[in-house]
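Enquirer: I am attaching a structure below and will ask some questions about it afterwards.
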Amino acid sequence: MDFMGRCHAPEDLALTTILIFRCGERRCALHRAAVSEVAPLPELSRPPGTPASLEGFLNLGGEVLGVVDAAALFGVERDADVDPIYRHLVVLAEGEDPFCLLVDRVEDVRRVDLSVLMPVAADHSLNGCVAGQLEIDGAVVHLLDASRILLAAEAARMKALRAAEQARIDALAAP
């Protein structure tokens, strides 16, 4: 029972809300709780020497966030039908060093039953971050674990690059 005295069926416990998006030819999803916001693609700063999967940096109210190109990170072909200007940023809320995923298109927010989550073979795990897959509207959707999107070495490099860009932005704002 909840605080209002309503009973919940056991299957309600497996329901969760996910954000579904396109990453090249793949449909992927993240738990809604792992996402702080979705935004249109703004102009990004891209200092020299940034890795190919790092699209650049977003200045979000004075806080610098790295923007990781999901297609480049996962090694999937970009959707040629999507005009790059209409791509979306998915701002992740988890971790001490938040970052954004640049995706081809955010498609939907849905409540799904995780009890039907199917395992994924290691060779289809998109950099090891796929927690499982679901079938939604007749198509496979890969549910990603936001905490495993970046490998430890990638996260460390992102942290160092982000700190340097934050210092540059702070210096520009200083009187």
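The values are calculated or read from the model by the stated rules, or taken from the named source; none is laboratory data. Small disclaimer: the values here were computed from a predicted structure and weren't measured. Cβ sites come from the backbone with ideal geometry, for glycine too, and all protein chains shown count toward neighbours.
Enquirer: Within the bounds of region 101-111, is there any residue that is within 13 Å of the chain's Cα centre (by Cα) and in a loop (DSSP other than H, G, I, E, B)?
Expert: yes
Enquirer: Run down Ala131, Ala155, Ala93, Ala171 and say which single residue is over 17 Å from Arg22 (Cβ atoms) and more than 17 Å from the chain's Cα centre (by Cα). Step through it out loud before you land on a result.
Expert: Details: Ala131 fails: more than 17 Å from the chain's Cα centre (by Cα); Ala155 fails: more than 17 Å from the chain's Cα centre (by Cα); Ala93 fails: more than 17 Å from the chain's Cα centre (by Cα).
Testing whether each residue is over 17 Å from Arg22 (Cβ atoms) and more than 17 Å from the chain's Cα centre (by Cα) leaves just Ala171.
Enquirer: Give the residues of region 125-159 that are surrounded by 14 or more Cβ atoms within 10 Å (Cβ to Cβ), of a type in the set (S, T, N, Q) and closer than 18 Å to Phe99 by Cα, sorted by residue number.
Expert: Across region 125-159, the qualifying residue is only Asn127.
Enquirer: Here is a follow-up. How many residues, within region 142-152, are more than 11 Å from the chain's Cα centre (by Cα), hydrophobic (A, V, I, L, M, F, W, C) and not in a loop (DSSP other than H, G, I, E, B)?
Expert: Count: 1.
Enquirer: Return only the number of the condition from (1) in contact with a helix residue (DSSP H, G or I) (Cβ under 8 Å, 6 or more places away or on another chain); (2) surrounded by fewer than 19 Cβ atoms within 10 Å (Cβ to Cβ); (3) of a type in the set (D, E, K, R) that Asp104 does not satisfy.
Expert: Asp104 satisfies every listed condition except (2).
Enquirer: Could you look through region 42-57, keep only residues that are of a type in the set (Gly, Ala, Ser), modelled with pLDDT under 85 and touching a strand residue (DSSP E or B) at 6+ places or on another chain (Cβ under 9 Å), and pick out the one that is farthest from Glu154 (Cα to Cα)?
Expert: This residue is Ala52.
Enquirer: Moving to a separate point now. Can Ser115 be described as modelled with pLDDT under 90 and hydroxyl-bearing (Ser, Thr, Tyr)?
Expert: Values: modelled with pLDDT under 90: yes; hydroxyl-bearing (Ser, Thr, Tyr): yes.
For Ser115, the condition - modelled with pLDDT under 90 and hydroxyl-bearing (Ser, Thr, Tyr) - is met.
Enquirer: Follow-up question, since we're still on this one. Go through region 54-76 and count every residue that is free of Cβ contacts under 8 Å to residues at least 40 places away in the same chain and surrounded by 14 or more Cβ atoms within 10 Å (Cβ to Cβ).
Expert: Qualifying residue count, region 54-76: 5.
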